[in-house]
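Only the coordinates and a few stated rules stand behind these numbers; no lab work does. What you see is a predicted model, and the numbers here were worked out from it, not measured in a lab. Glycine also receives a Cβ, built like all others from the backbone with ideal geometry; neighbour counts cover every protein chain displayed.
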Amino acid sequence: MTLAADRDLGNREFAIEDITTGVHASGFGQVGDGRTFSFHIEKHMLVVEVYRPRVSGPVPQAEDVVALANRKLTDIDLTDERSVAAAVRDAVADAQPVTRTAR
C-alpha cells in the first residue's frame with residue numbers, strides 16, 4: 001500500500017491518495033474538481049466509481065456514485081503501481097454517468 005503525501009491539490013489536479021497492487025488491487029483519490037473516486041478488482045475487471053462532490057459521510061453510499069467505469073484486466077500489470085495508476089487515471093477520464101431510476 002502506498003499513501004500519497006499530504007498536499008493541497010490545485011484545481012483540476014488528479015491524484016491517487018492510496019493504492020494497493022496485486023490481485024486485490026484497490027485504492028482511492030481525487031479527481032480535482034471536488035469529486036472523489038475509488039477503485040477495486042471485481043470479477044476480473046477493474047471497477048472505478050466516481051462520487052459526487054462533498055460526500056457527507058466518511059464512506060460513500062450507492063446514491064453518491066455519479067459515474068462508473070469498468071476495464072478488463074488483460075492489459076493491466078496488477079503488480080506494477082504505475083500500470084494500475086495509469087489504468088485508473090484513464091478509467092476515471094472515461095467514466096460514464098450513472099443513470100438513476102425514479103422510485
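Before moving on, here are some points about what is shown:
- The ranking of D80, D64 by Cβ neighbour count inside 10 Å, starting from the fewest, reads D80, D64.
- Fully extending the segment from L68 to A15 would add 17.3 nm, taking 0.36 nm per residue of separation and subtracting the current Cα-Cα distance.
- Computing P(r) over Cα pairs in 5 Å bins from 0, in percent directly from the structure and comparing it against [x] 3, 13, 24, 24, 19, 11, 4, 1, 0; [y] 2, 11, 20, 21, 16, 13, 9, 6, 3, 1, 0, 0; [z] 2, 13, 25, 28, 18, 9, 3, 1, 1, 0 singles out [x].
- Listing L46, L68 from fewest to most neighbouring C-beta atoms within 10 Å gives L68, L46.
- Point-to-point label distance, D94-R82, nm (Cα→Cβ direction, 7 Å offset): 2.1 nm
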